[in-house]
Amino acid sequence: MSRHLGPQNVFMDRFVLEPKVQRVWDIPHAVWFTLMGVGGGLFVLARALELESDVGTWLGLPFVELLSFAAIAVGGGILIADLGRPLRFLRALVNPGTSWISRGAIADVVFVVVGGLLVLPDLELGGSRPFDWLPWTAAATNGLGRLLELVALAAAVVVMFYAGQVLAEPRAIPYWHSPLIPAQFLLSSAATATALLLFLQAVNDVVIPAGHCWLLAGFLALLLVLMAVHLRIDADHPGKAESIERLTSGRYRTPFLGGVVLVGTILPLILALVGVAWADARDVVSVLAVLCTVPAGYGLRLLTLRVGIFPPVRTMVPVR
Amino acid sequence: MTRWAMVIDTGRCIGCGACSIACKTENATPGDVWYAPVIEEEVGDYPDAHMDYLPVLCNHCEDAPCIKACPTRALDRRDDGIVLADDDACIGSRACMNACPYGALHLFEGRTGEALGGGARTAATVPDAGAAARYTPGTVQKCTFCAHRIDHGLEHGLVPGLDIAATPACVVTCPAECRIFGDLEDGESTVSRYLRERGPATVLRPDAETGAHVFYVDGSAR
Amino acid sequence: RITTPLRRTNPDKGIGVDPGWVPISWEDALSEIAGRLKEIRDEDPTGLLFSTFDAYQLRGPFIGAWINAFGLPGFTTWSAQIFCGNNVHGISYMNQSAFEGVPDPVHARYIMLFGSQFGSVVHYDTMHAARALAERRPGDLHIVSIDPVRGPAASRAEEWVPIRPGTDAALLLGMVNQLVNELHLYDEQFVKHMTNGPYLVGPDGLYLREAGTGKPMVWDASDGRAKPFDADVGDFALTGSYAVDGVQARPGFQCLADHVRRYTPEMVEDITSVPAATVVRLAREYGEASQIGATIEIDGETLPYRPASVVWYRGLSAHKHAMLTGLAIALLPALTGALDVPGGLLADPYGLRGKSPSREPQFQASFEGLIQQSFIGGGRVGGMYPPRPASPPLTPEYFELLPVGPYGAVFYLLASEEPEVWKPPSWPKMLFQYHSNIVKTSGPPDVMDRFMKRFELVVSVTRRFEETTDFADIVLPDLHYLERLAPYVFGHFSSGEGEIANYGSKPVVQAPFAGPVPDEPYVDIMQVLLELARRAGFAGAVHQRLNEISHLQPEYALGPDEELSYADIVDRMLKNEYGPDKGLDWHLADGLWTSPKTVFEKYPRPFVTPRAQIYFEFMGPAGDDVRRVADGLGIPWETDDYQPLPDFKPCPSFRHAPPHDLYLMNLKLPQHALSHTHLNPLLSSLSARHRDLSAVMIHPVTAAERGIADGDRVMVETFEGRTHDAWARVTNLVHPEVLATQGCGGGWSKGPNDEVNFNSLLTIDKEHIDFVSGALDCCISARVFKTEPP
Ligand SMILES: Nc1nc2c(c(=O)[nH]1)N[C@H]1C(S)=C(S)[C@@H](COP(=O)(O)OP(=O)(O)OC[C@H]3O[C@@H](n4cnc5c(=O)[nH]c(N)nc54)[C@H](O)[C@@H]3O)O[C@H]1N2
Ligand SMILES: Nc1nc2c(c(=O)[nH]1)N[C@H]1C(S)=C(S)[C@@H](COP(=O)(O)OP(=O)(O)OC[C@H]3O[C@@H](n4cnc5c(=O)[nH]c(N)nc54)[C@H](O)[C@@H]3O)O[C@H]1N2
Ligand code: SF4
Ligand code: SF4
Ligand code: SF4
Ligand code: SF4
Ligand code: SF4
Ligand SMILES: [Mo]
């Protein structure tokens, strides 16, 4: 992996006062960021649109939610594997007071545990439902179920954006230090999840309502606006200026503008509007939207990581 | 109370790198890891161009973003202000590395020697061998303000900042005496007096609001 | 680490050739070497070339005594002799009775660095200078660096004046012209009484001498007649022209003033690229900062205060015409009276030899009333005044043809390359070499390869395999400095403020292997040398010579037949030096000797009478002498530079025809000491992070013209066709006509690496050697072009 070309601390490469591009997080992180986002998003949106039971089941459980848990689990696995001391991963839960990694890890655990509990009563094994004695249903039809669902939903929302929050909290990397980063991650997760839901409906021969296309278009439009705003705010600040330059005219110009923005956001936005207008196209749109948004979600996160630039330590950035 | 702090007078620094080496040997840091780099900056246009030198190290921040980012509380600030990494607690998440604006945290990747770079710089060194014994692969290590020297010195009635054996290695090695160490809470300490007499002082990346406790003074009137 | 004597089994020698080392016993090694030494000594001692740059022992008497006892006049420090101090030591001996001059870090207010990194951690007495100068910042001190490159020292200077390499003489003479002819900023009293400025010079360039005594004459303006310089003179005339017994004569000062008149600011600008206005300004600043006439009270004595000085080193030494440049820079502190007074250029070590209890500093006067070089240990760093008589060379060092030069190691290489032209005397049979890495630090590898193969036997004493040891026939293990006993090493002996201190090295770690003498712990290479002397039958002579060099009083004198260990001798020498209670035991337990300085020891100049020189009359006759001998030998020895007043003369790189119209040069790194530390991975990885090891510095405009961007892979090619690849470091810190690299990196003994090996680009030929000082021009005409990425 590329990070093994040199020490992860980029400040050690050469002792020259210059912007330094972080090398601590790269592909593994982009992958788990994406998986967490999509996983959380699937659960939240499926529940919000009350679709969870319409798009297929497996062993009696909503397929989409299984997908969500799987994404989180795989993402978590990658996260853990990427740790310097993977076996100690449980320690990550001890500092939710200040650490967003800790908060996120707790959210991951809560989500998987509570979400899992929530759907457990529906589990079918060999024709029987061994957990149907549990006093709630997967559809959260009673109070206890609603509570579990609420907790799982809250955790899932955190899971959707906390990776962005990990980046945004410290001020070290100005491009990251903005609420617009987690907001972008949140919207990207929502859009990707929506596209996946459209696709799952198409596969399951569910008629896709126009509203879902509106939703997708809305998420993408908002994401587009947030990206544009983020590229404009404080665009001349040391560190951030270099990040933007790398994204918009430097080595990542094509993957970012052509990939993430055009193919990954604007194109599916247009497709979603086409879907709004033309019901017959929705199946095709859903396939194309998945093909566009999933890589774009990954690309957005990877490029965000790759343009994480520490300004020269001596720079006096205006204090906001 | 005691609050250890350092003042670096860049006006005196000659960019010799003695501090970098002193720290490396004192703390047996592995090949890739330098707690005390001296950062060069070329400023100005020919023929008024010159090289400026900026010695850096962990700022032992009051509001240390590394501590906040750490999910395991492996990073902590002692009562005397020294920020230390506990390699028994660290899981190697590296959240701290991207939270510290100064590049003051290092993941010990367990490589000793071959990580030094191409060709000749591959030999394992004494500090490399020391590092293998001292640090836990996969965890983060950082400048300790030479806490071992301070603690040892205090136990023996010495004054950090004044007595060599109680003062950080990078400080005592500097030939130009640009590094001043002492207790910021003590108005008559070396650092307090230097700041008073040679101030004003700045910190690095003030925008990052870290509460850095390494202060920079430019005594030169260039 | 080498822990046992080794013998080569592969008779083929060369770079990259495996010597096939096999361990042998000390006994075998010593008896073989001693046998050869005895043969050579009996036949002709010049059959041995002894080379070292052992800082531990160089200040002490041992090596010199051994060499002299063997029958050689002095040893060769080899690569140092090619590159450093060629135009420093002779001049410092002449005007300060010192090995070199350093600016007074405590009282100076204005220092000009001419090709020297004084004040950074390069140059000498580095820690002390760094701290002392830092103490004076800010504002109290103004440093100007005249240098083609703004390296670490120059970056800390208040001003950088980029200069075209090899042209400093023009700038210096231009400054002298301003000071004496335009601004009249010079210390008239000093020049009259403390220099040979008033000595009358005839049309032949020689002193007007008193009939009979031969004493140089001066013009006494108060009673209008010529007198010997040491007569009762009312007023020494410095200017004018006087008829003396029908001969028209001018004081030396007037000759100088007339001579430098042609160095107008415009001419200087044309040669050096330093703007004419800057030339004038620098002269004025230097002159005004000298505060001529000012005094300062030091320890109750009122002394002249001249807080401006110059310092020069390799940057002026490693060039063609180095001696002329040295003479030019010698003028500045002499004209302003800044020699060995507060604020000025201080003697290091003062009074020629560091003070120790048994030796007082000395300024000896020649019969001409000038400071003359007195005896220097057993080494052979020659002074320049009075010049030594020339004679046919005894060795390929041609030292006998360097009457005013300090050393001539470079001629070994010239003679090795072109023996038909230079007709060297017989080549030494044996090279005994330790503590210098000459194959790396001297000429290009192919030149050194041919040179090293000329010896029948090469003995290296070394700790580790290096470029040079690869050519050895026998290797003996040497010690780490922490294992060494060498009581004469370190010390602070310069004049100026502070104490005199001596704190030689002592073994704090026991060597992990046996040494040459079975029942003695191995603590110093002198044990090897003493054992060899014993076996080769000249131990008594060594004792004898040590008695002389160290002025051993009778109770400590070494008997010729006494069986003495190295420790015994050290013990006696220490007691002789510091007193009966300060022998070896004291040294091992404590060993720090300090002594406060008297005012005289701090600033000797006002208290002594011998004069310094600003007119170098001796040069003409010395040149005639050399010419006579060289003509007799039929060799094309150059003697044009023997002139009484210096001039700028172009070096071979000056305005070289395109495409090789850039000046390729090098400078030392603060993090490295010569080639020695380049085997240290910590230091190397540190320098790599400072982009210093494998880069060539190129000015942005120069780079742009050649389509080179920062970080590109480039090829440097000298006019001679030697090439080296490097990374381009495009920087404003370098003169537009210059390519600069670090000096001593890029050795091959540590395995393949991408560092620049500067010396592989050097040219060893007549055009690049200064035949007066023995300097090798370290500045080569070259071009640079972009290469494809590897
Ligand atoms: N760190 C360190 N310190 C050392 C040493 C070391 O290797 N490393 N070596 C020691 C030894 S043996 C010596 S001899 C001294 C040498 O001490 P210095 O002579 O002070 O050191 P150098 O770097 O060789 O200095 C040469 C300077 O001259 C400049 N220069 C080159 N050509 C010209 C020229 O034509 N004109 C002018 N004006 N400048 C020129 C170079 O750019 C460089 O800045 O240092 C001693 N101290
Ligand atoms: N390009 C370029 N060439 C230069 C210079 C330059 O600036 N640029 N500088 C020149 C100058 S000024 C000088 S003085 C010369 C110096 O050149 P050298 O005299 O060759 O000096 P070093 O390269 O340091 O070699 C010293 C050797 O002694 C070994 N050594 C160290 N300690 C001990 C010990 O205790 N015992 C023994 N036996 N060996 C020991 C080291 O490992 C090293 O190999 O180089 C000159 N060459
Ligand atoms: S400088 Fe960096 S590592 Fe040190 S305390 Fe501050 S944030 Fe933490
Ligand atoms: S790498 Fe270690 S010290 Fe740093 S944030 Fe992660 S657990 Fe904390
Ligand atoms: S205080 Fe100690 S650990 Fe920190 S940089 Fe200095 S020497 Fe290194
Ligand atoms: S040791 Fe001192 S002078 Fe040298 S680089 Fe470090 S801070 Fe600067
Ligand atoms: S190498 Fe030795 S003598 Fe030179 S500066 Fe360093 S400590 Fe001083
Ligand atoms: Mo030297």
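The values are calculated or read from the model by the stated rules, or taken from the named source; none is laboratory data. Treat the numbers as computed from the prediction; the structure is a model and nothing was measured. Glycine gets a Cβ as well: all are built from the backbone with ideal geometry, and neighbour counts include every protein chain shown. With ligands, DNA and RNA removed, areas are computed over all heavy atoms of the protein, side chains included. Shrake-Rupley method; radii C 1.70, N 1.55, O 1.52, S 1.80 Å.
Couple of notes before you dig in:
- Heavy-atom accessible surface that A and B bury in contact, both chains counted, 1.4 Å, Å² to 100: 4000
- Förster radius 56 Å - calculated FRET efficiency between C:Phe367 and C:Glu27 (Cβ-Cβ, nearest 0.05): 0.55
- In loop segments of the stretch A:121-164 as defined by DSSP, the chymotrypsin sites (Phe, Trp or Tyr not before Pro) with at most 12 further C-beta atoms inside 10 Å of their C-beta are A:Trp133.
- In this structure A:Leu226 has an accessible area near 30 Å², from a 1.4 Å probe over the protein heavy atoms.
- When accessible surface is computed with a 1.4 Å probe, chains B and C are found to bury approximately 3400 Å² between them, both chains counted.
- Accessible carbon and sulfur surface of the stretch A:182-320 relative to its total accessible area, %, 1.4 Å: 70
- Based on protein heavy atoms only, the stretch C:68-215 ends up with 24 Å² per residue of surface accessible to a 1.4 Å probe.
- For C:Val161, the residues 5 or more places off, or on other chains, whose built amide H falls under 5 Å of its own are C:Ser145, C:Ile146, C:Asp147.
- Placing unit charges on the Cβ atoms only, positive for Lys and Arg and negative for Asp and Glu, gives the protein assembly as shown a dipole magnitude near 2300 debye about its Cα centre.
- About its Cα centre, chain C has a charge dipole of approximately 840 debye under the convention of +1 per Lys or Arg Cβ and -1 per Asp or Glu Cβ, with nothing else charged.
- About the Cα centre, charge dipole magnitude for the stretch C:13-160 (Lys/Arg +1, Asp/Glu -1 at Cβ), debye: 520
- The order of A:Ser53, C:Ser273 by accessible area, most exposed first and with a 1.4 Å probe, is A:Ser53, C:Ser273.
- Most positive-pole-ward Cα, C:Ile271, C:Ile298, C:Leu282, against dipole of the stretch C:256-312 from beta carbon charges: C:Ile271
- Residues in chain A average 40 Å² of solvent-accessible surface per residue, probe 1.4 Å, ligands and nucleic acids excluded.
- Charge tally around B:Gly153: other residues with Cβ under 13 Å, Lys/Arg +1 each, Asp/Glu -1 each, net -4.
- Listed values for the stretch C:272-285 are Karplus-derived 3J(HN,Hα) couplings in whole Hz (6.51 cos²θ - 1.76 cosθ + 1.60, θ = phi - 60°), namely 9, 6, 7, x, 3, 4, 5, 4, 5, 4, 4, 4, 5, 4, and x replaces Gly and Pro.
- Amide H contacts under 5 Å for B:Thr167, placed H, 5+ residues apart: B:Gly161
- Computed E for A:Val203/B:Thr136 - FRET, C-beta separation, R0 60 angstrom, nearest 0.05: 0.80
- Here is how the number arises for chain A: DSSP H runs of 4 or more residues each give -39500 (n - 2.57), the sum is divided by the residue count, and the result at 222 nm is -19500 deg cm²/dmol.
- What the Cβ-Cβ distance of A:Ala228 and A:Ala70 gives, at R0 = 30 Å and to the nearest 0.05, is a FRET efficiency of 0.35.
- For GluC sites (Glu not before Pro), no site in the stretch B:1-70 is both called loop by DSSP and has at most 12 other Cβ atoms within 10 Å.
- Approximate spin-label separation C:Thr598-C:Ala657, in nm, with each point projected 7 Å along Cα-to-Cβ: 6.4
- Protein-protein interface of the stretch C:675-709, residues with accessible area decrease of at least 40 Å², isolated chain reference, 1.4 Å probe: C:Pro681, C:Leu682, C:Ser685, C:Leu686, C:Arg689, C:His690, C:Arg691
- Along chain C, longest interval not containing exposed trypsin sites (Lys or Arg not before Pro), exposed being DSSP loop plus at most 14 other Cβ atoms within 10 Å: C:2-260
- Here each label is just a point 7 Å from Cα along the line to Cβ, and for A:Ala154 and C:Glu767 those points are 8.6 nm apart.
- Percent RCO, i.e. relative contact order, over the stretch C:689-765, from Cα pairs under 8 Å lying at least 6 residues apart: 36
- Once backbone amide H atoms are built at 1.01 Å from N, A:Leu61 has A:Glu124 as its partners under 5 Å, excluding neighbours fewer than 5 places away on the same chain.
- Computed from backbone phi, the HN-Hα couplings of the stretch C:118-130 come to 3, x, 8, 8, 10, 6, 10, 6, 5, 5, 5, 5, 4 Hz, rounded to whole numbers (Karplus: 6.51 cos²θ - 1.76 cosθ + 1.60, θ = phi - 60°; Gly and Pro given as x).
- Nearest-ten-degree value, helix A:267-277 long axis tilted from longest Cα axis of chain A: 30
- Taking C:Phe363, A:Phe63 and ordering them by how much accessible surface each has at a 1.4 Å probe, largest first, produces A:Phe63, C:Phe363.
- Accessible solvent surface per residue of chain B, calculated while the other protein chains remain in place, 1.4 angstrom probe, Å²: 34
- Phi angles of the stretch C:637-642 translate, via the Karplus equation with coefficients 6.51, -1.76, 1.60 and θ = phi - 60°, into HN-Hα couplings of 5, 8, 10, 4, 7, 7 Hz per residue; Gly and Pro are given as x.
- Loop sites in the stretch B:167-222: GluC sites (Glu not before Pro), DSSP, at most 13 other Cβ within 10 Å: B:Glu188
- Minimum 20 Å² accessible area buried by the other protein chains, the stretch A:11-34 residues, probe 1.4 Å, relative to alone: A:Phe11, A:Met12, A:Arg14, A:Phe15, A:Val16, A:Leu17, A:Val24, A:Trp25
- Carbon + sulfur, % of accessible area of the stretch C:539-604 - ligands and nucleic acids excluded, 1.4 Å: 53
- Under the simplified labelling scheme, the C:Trp727-B:Asp76 pair shows an inter-label distance of 4.1 nm, with each label point 7 Å from Cα along Cα→Cβ.
- With all protein chains modelled, accessible area of A:Ile270 [1.4 Å, Å²]: 90
- Members of the stretch A:67-88 that become less accessible by 40 Å² or more once partner protein chains are added (1.4 angstrom probe, chain alone as reference): A:Leu83, A:Gly84, A:Arg85, A:Arg88
- Computed over chain C, the per-residue total of -39500 (n - 2.57) for DSSP H runs of n ≥ 4 gives a 222 nm mean residue ellipticity of -8000 deg cm²/dmol, rounded to 500.
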